[in-house]
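Heads up, the thing below is written out as structure tokens.
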Amino acid sequence: MTSFETARSAEELQRLAASHLWLHFTRMGGHEPPIIVRGDGCYLEDADGNRYLDALAGLFSVNIGYGFGEEIGQAALAQMRELPFYTNWTYAHPRAIELAAEVASLAPGDLNRVFFVSGGSEAVEAAWKLARQYYLARREQRLRAIIATPGNGAPDALGPGRPARSAGDPVLEGPAPVGEPETRHDAIVSEAARPQLRYKAIARHIAYHGTTLGALSINGIPALRTPFEPLVPEVRHVSNTNRYHRPPSETEAEFTAFLLDDLEKTILAMDPESICMVHMEPVQNAGGAFVAPEGYWRGVRQLCDRYDILLSADEVITGFGRLGHWFASERYDIRPDIVTCAKGLSSSYAAIGAVVATDRVMEPFLESTSMYTHGITFGGHPVMSAIALKNIEIMKRERLNEHVLAHEDAFRTTLAQLLDLPIVGDLRGAGFFYALELVKDKETRETFSDAECESLLRDFLSPRLFERGLICRADDRGDPVVQISPPLVASQPEFDEMTGILGDVLAEAWERIG
Ligand SMILES: Cc1ncc(COP(=O)(O)O)c(C=O)c1O
């Protein structure tokens, strides 16, 4: 082995990659990956010395850009020297405590409690588990309160002697029911069918929420789900907020009413008392930067309150500045009970994510023997925490939220020039988070067939944009879109450059179709 200071040739790296590296979401047969070797600001450089404007900020995630490695590296080094690792299982350490306090101070409302994980999927996974266990913990808390109430002594209230537990009752004390997890599976599933257990979740069509089995089950993208079925019971998907393909005469208020009606009907069809969580992004990425219509979030909150369901905002992309706020829940007044975040928390300089919960959600877990039965080794890792703290410090110092809010209109106006092209049907998004929807016919808004998407997006657009020095994503998880989400340090020169390249390449794409 050599250290990474020893430069290998591009050819050697390619050969080693071809033999050993298994890439994510990649058709590996014959694939020769671009090898990115360094970055600075909004730009990346590959092993052959070519430069690229990264209009995707890594994976919607390098919010401060690539230029702070030295400063963040010093923070990581100092932490490595002081304490390279310790755990959040029962123990705490200064960086996790400081980061939790910092995140709580930046989060809106009483989102005051922070549980650390290693990334976005784990955050979503943990949010669902938390929502499931919240109702059990709350029920135990209520039963304890009943038992503790004078005249409701435990034996009298729950029967003589130690009360016999029926299948759906929570464990009030002592160990969990006997048996190995595997052998208890059927019993758990049949218990889960009882209405007292809230275990189901609702998300939106075409929304991406990660790839671990629970998070994957929440995904609204059939092509990602299908290979791994049967998935975790039970998730249903409601309409997302894509307005582009709604009837043109529909007003915004009518659209909102349609969406909320769909959500309420779904809640009722699933049995409201079996649902623990509604999980949605403030602006949905997959499908192309769907912003919600006026009144939507107020209505979602009301429905969650009416049916006593926790509202979870997936801020894995939108958190930490993408929309000019620490949390987009603040921008849209979403008032979630739970927030999941990752990517921007460290600007992806570290593998760290978090679930942030309100005081209300935390409260039953502060009682007696109650415990959120979840943990992972790297949750709150001190070096990852130190990096996230430094990232937040840099974001504050560089005034990146203010920068996004000051430049979002100019960014949008620059991108809007692309609407003159016959292939660009829609531009949507907010902050530094946009999507262009590509259409075959602007009048009818007709979209491309699967085969056309394949030849247009995969075979032509993505490689051609890259060849021209622009990284952004041509995505067909819904209708075909180009997603644009640069580092938050981007400004007018980068907006112009990406719009120029996109304009040329999209015009070329149209000629090829025509
Ligand atoms: C909204 C959302 N949630 C969850 C995830 C999963 O995050 P990760 O890839 O860090 O597991 C992503 C990743 O893109 C995401 O966009």
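Each reported figure results from applying straightforward, stated rules to the coordinates on display, with no laboratory input. Everything numeric in this text was worked out from a predicted model, so none of it was measured. Positions of Cβ are backbone-derived with ideal geometry, glycine not excepted, and every protein chain shown enters the neighbour counts.
Distances longer than 31 Å among the Cα atoms of the chain: what percent of all pairs is that? Looking at the chain, the distances longer than 31 Å represent 50 percent of pairs.
Which of the lysines could a cross-linker bridge to Lys265, judged by Cα under 26 Å and excluding same-chain residues fewer than eight apart? Output for Lys265: Lys129, Lys200. Here r is the Cβ-Cβ distance between His31 and Glu234 and R0 is 35 Å; the resulting FRET efficiency, rounded to 0.05, is 0.45. Packing-based ranking of 408-420, 129-141, 329-341 yields 329-341, 129-141, 408-420, ordered from highest to lowest mean Cβ neighbour count within 10 Å. Applying the Karplus relation 6.51 cos²θ - 1.76 cosθ + 1.60 with θ = phi - 60° to region 338-355 yields 3J(HN,Hα) values of 9, 10, 9, 8, 7, 2, x, 4, 10, 6, 6, 6, 9, 8, 8, x, 7, 10 Hz, where x marks Gly and Pro. Based on C-alpha pairs under 8 angstrom that are at least 6 apart in sequence, the chain has a relative contact order of 22 percent. As a length-normalised measure over Cα pairs under 8 Å and 6 or more apart, the relative contact order of region 451-497 settles at 26 percent. Among 456-466, 67-77, 248-258, sorting by the average number of other beta carbon atoms lying within 10 angstrom of each residue, highest first, gives 456-466, 67-77, 248-258. The helix-only estimate of mean residue ellipticity at 222 nm for the chain, built from DSSP H runs of length n ≥ 4 each weighted as -39500 (n - 2.57), is -11500 deg cm²/dmol after division by the residue total.
For region 11-22, 3J(HN,Hα) computed residue by residue from phi via the Karplus equation (6.51, -1.76, 1.60; θ = phi - 60°) reads 5, 5, 4, 4, 5, 5, 4, 4, 8, 10, 8, 9 Hz, glycine and proline entered as x. Considering only alpha-carbon pairs that sit under 8 angstrom and 6 or more positions apart, the relative contact order computed for region 208-255 is 26 percent. The share of C-alpha pairs in region 209-272 whose separation exceeds 12 Å stands at 73 percent.
Distance from the Cα centroid of region 265-303 to that of region 449-481 is 29 Å (rounded to whole angstrom).
If R0 equals 41 Å, the separation of the Cβ atoms of Glu273 and Leu59 corresponds to a calculated FRET efficiency of about 0.65. A Förster radius of 30 Å, combined with the Cβ-Cβ distance separating Arg468 from Thr226, puts the computed FRET efficiency at roughly 0.30. Shape of region 303-419 from its Cα gyration tensor (a ≥ b ≥ c, root eigenvalues): rounded if a/c is under 1.5, otherwise prolate when a/b > b/c, or oblate? Oblate, because a/c is 1.5 or more while a/b does not exceed b/c. Among Trp89, Trp297, Trp510, sorting on how many other beta-carbon atoms sit within 10 Å of each Cβ, with the fewest leading, yields Trp89, Trp510, Trp297.
Using just the Cα positions, wrap region 197-307 in a convex hull and report its mean projected area in square nanometres, one decimal place. Projected area, direction-averaged: 7.0 nm². Length available on full extension from Leu77 to Leu23: 0.36 nm per residue minus the Cα-Cα distance, which gives 16.6 nm.
Extension gain, Glu12 to Glu294: 0.36 nm times the residue separation minus the Cα-Cα distance gives 96.1 nm.
The residue list Leu405, Ser370, Asn112 was ranked by how far each Cα lies along the charge dipole of the chain toward its positive end, using unit charges on Cβ atoms, and Ser370 comes out on top.
The gain in end-to-end length when the Arg38 to Phe258 segment is fully stretched comes to 74.5 nm, 0.36 nm per residue minus the alpha carbon separation. Farthest towards the positive end of the charge dipole of the chain, among the residues His325, Leu502, Gln483, is the Cα of His325, using unit charges on the Cβ of Lys, Arg, Asp and Glu. Placing +1 on the Cβ of every Lys and Arg and -1 on the Cβ of every Asp and Glu, with no other charges, gives region 345-427 a dipole of roughly 300 debye about its Cα centre.
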